[in-house]
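**Q** Sending over a structure as structure tokens; questions will come in a sec.
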């Protein structure tokens, strides 16, 4: 068994992690309906049991990957979840295919994971994590009032 990507965090660091400070009701983090628009490439939409609807583009989700490697990289670069990596300046732009999952996998009853077309497969997007990084106007306004400010949007 590989331990790549596992890291142990002190309690004070874990409490500062995105979404760690938010408490939700059971209905708020329990999806009623999950739609992954893989064919048309528009992203993921979740209707939660509390009636709220969240939507993320695939590019935003890939940039918000919650695996330890991606979190460490974002922290080192000072990027928020969902904030795109700056593209290096080159003489000629290089074509990059749109970010999409090759495969979508349920993870028990608590999460979803993606096998991304860039080869990355480590992130497990828990329902709690996804609700905590919802970037709709209503959630954005609620985060603005909370300590730490709003999450980054795509």
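Every read-out reported here was derived from the displayed coordinates using simple, explicitly stated rules and does not represent laboratory data. Everything quoted here is computed from the prediction, not taken from an experiment. Positions of Cβ are backbone-derived with ideal geometry, glycine not excepted, and every protein chain shown enters the neighbour counts.
**Q** If packing is taken as the average number of other Cβ atoms within 10 Å across a peptide's residues, how do 91-104, 28-41, 55-68 rank, most packed first?
**A** Ranking the peptides 91-104, 28-41, 55-68 by packing returns 55-68, 28-41, 91-104.
**Q** Now for a different question. How high is the FRET efficiency from residue 33 to residue 118, r the C-beta distance, R0 22 Å, rounded to 0.05?
**A** 0.20
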